[in-house]
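Read-outs throughout are calculated quantities, based only on the coordinates presented, and are distinct from any laboratory measurement. Here the structure is a predicted model, which is why all the values come from computation and not from measurement. Every residue, glycine among them, receives a Cβ derived from its backbone with ideal geometry; neighbour counts consider all protein chains shown.
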Amino acid sequence: MLTAIDGHAGEQVVASLADIAPDFATYLLEFPFGDIYARPGLDLRAREIATIAALTALGHAQPQLKVHIAAGLNVGLSEAEIVETIMQMAVYAGFPAALNGLFAAREVFAARRARGEDAGAAESTDCTESTDHAQAA
């Protein structure tokens with residue numbers, strides 16, 4: 001499951017911790033991917049949306065956010081869905097956190113394009129189909 005979600009990023013994390021804390025690398029991967037991601041109730045797309053939102057809201061986890069933006073694309077999220085998820089966090093985490101998240105997304109999208117990988121469907125971010133809250137008031 002890890003490779004399907006994160007590609008080789010998980011392997012790189014394990015390798016980077018091998019000389020200092022190999023047990024930590026094991027915990028870092030086994031709990032989220034072995035226990036949490038394997039639970040029923042949410043598909044991988046929903047789990048990555050939640051993870052991208054949480055890492056954006058933290059505001060200080062850019063490397064992890066980039067890994068999960070790429071993971072979101074790997075499990076079928078579009079660029080537009082990722083951008084909208086990050087923009088939603090401006091309401092709850094503030095504009096600086098959302099801005100940093102958008103910059104991280106731009107880097108991931110550009111890197112994937114430079115490698116010739118599909119960066120996700122370029123969907124419109126037009127939200128005119130959402131409920132018009134002004135009419136409801």
Peptides ranked, highest mean first, by Cβ atoms within 10 Å: ranges 101-108, 68-75:
68-75, 101-108
I'd like the Karplus ³J(HN,Hα) series for the stretch 51-64: coefficients 6.51, -1.76, 1.60, θ = phi - 60°, whole numbers in Hz, and an x wherever there's a Gly or Pro.
5, 4, 4, 5, 5, 5, 4, 4, x, 9, 10, 4, x, 5
Would you kindly derive the ³J(HN,Hα) couplings of the stretch 105-110 from the backbone phi angles with the Karplus curve 6.51 cos²θ - 1.76 cosθ + 1.60 (θ = phi - 60°), listing them in order in whole Hz, with x for Gly and Pro?
4, 4, 4, 5, 4, 5
At each listed q (0.10, 0.18, 0.19 Å⁻¹), what is the log10 of I(q)/I(0) that the Debye formula gives for the chain modelled as equal alpha-carbon point scatterers?
-0.37, -1.08, -1.17
Sorted peptide list for 8-21, 30-43, criterion being average Cβ within 10 angstrom, highest first
8-21, 30-43
